[in-house]
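K.L.:
Submitted below is the structure of interest, expressed as structure tokens.
Bear in mind that the values in this text are calculations on the coordinates, not laboratory data. What you see is a predicted model, and the numbers here were worked out from it, not measured in a lab. Cβ sites come from the backbone with ideal geometry, for glycine too, and all protein chains shown count toward neighbours.
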């Protein structure tokens, strides 16, 4: 029964981890990365769409992103969307593509980014704790309904904590790697 409860919620743990990794991919490290533009939405034909639905984003060199719209009439909308996302980028339009030259990160900005990574890691851990809380309540209910014994409950709590520790360690590992990447000049 305990294994069944844990397996039922494995997907929720994975979703919490995936969300953290998605958020982490949007943090600037000083290198060009198309994931930096994940939060950009573009006004296209009367509706807001993610940038990747109206253009392809590529890296031309370590400090430059190139956005090639599928419809050249969308150039202005793409520029507006990037500026509205308030990412600190200044896009330039040459009539064919939109280029973004990433400014170099100074020491203060690197520390801010590292702090942001820590905050994202904490949010990720909170997501894991929320899933743990749901599972714990299900286990308590199963115990009170006499579906599992007190001993099974204790074993279940140990297994649950092992799973939580594994996911928290994964979050910590990714956060440390990202911080190292940010702080490396």
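K.L.:
Please give the FRET efficiency for residue 170 paired with residue 92, using the beta carbon to beta carbon distance and R0 = 35 Å, rounded to the nearest 0.05.
P.N.:
Plugging the Cβ-Cβ distance into 1/(1 + (r/R0)^6) gives 0.35.
K.L.:
If I model a spin label at residue 118 and residue 146 as a point 7 Å from the Cα along the Cα→Cβ vector, what separation in nanometres do I get?
P.N.:
The modelled label-to-label distance comes out at 5.2 nm.
K.L.:
Kindly state, to the nearest 0.05, the FRET efficiency for residue 12 paired with residue 158, given R0 = 30 Å and r defined as their beta-carbon distance.
P.N.:
0.95
K.L.:
Another one. Restricting to Cα pairs below 8 Å that are 6+ residues apart, what does the relative contact order work out to for the chain? Please round to a whole percent.
P.N.:
Relative contact order, the chain: 26 percent.
K.L.:
Roughly how many nanometres apart are two label points built 7 Å out from the Cα toward the Cβ at residue 129 and residue 71?
P.N.:
Roughly 4.6 nm, to one decimal.
K.L.:
Shifting gears a bit: With every atom except the alpha carbons ignored, what do you get for Rg and Dmax of the range 34-101, in angstroms?
P.N.:
Answer for the range 34-101, Rg first and Dmax second: 10.6, 34 Å.
K.L.:
Under a plain spin-label model, where a point goes 7 Å from the Cα along Cα-to-Cβ, how far apart in nm are residue 60 and residue 4?
P.N.:
Going by the 7 Å Cα→Cβ label model, 6.0 nm.
K.L.:
To check my understanding: the extent here is largest minus smallest coordinate of the Cα atoms along each principal axis. What are those three numbers for the chain, in Å, largest first?
P.N.:
70, 41, 21
K.L.:
Can you give me the Cα centroid spacing of the range 1-62 and the range 134-185 in angstrom?
P.N.:
The range 1-62 and the range 134-185 have Cα centres separated by 23 Å.
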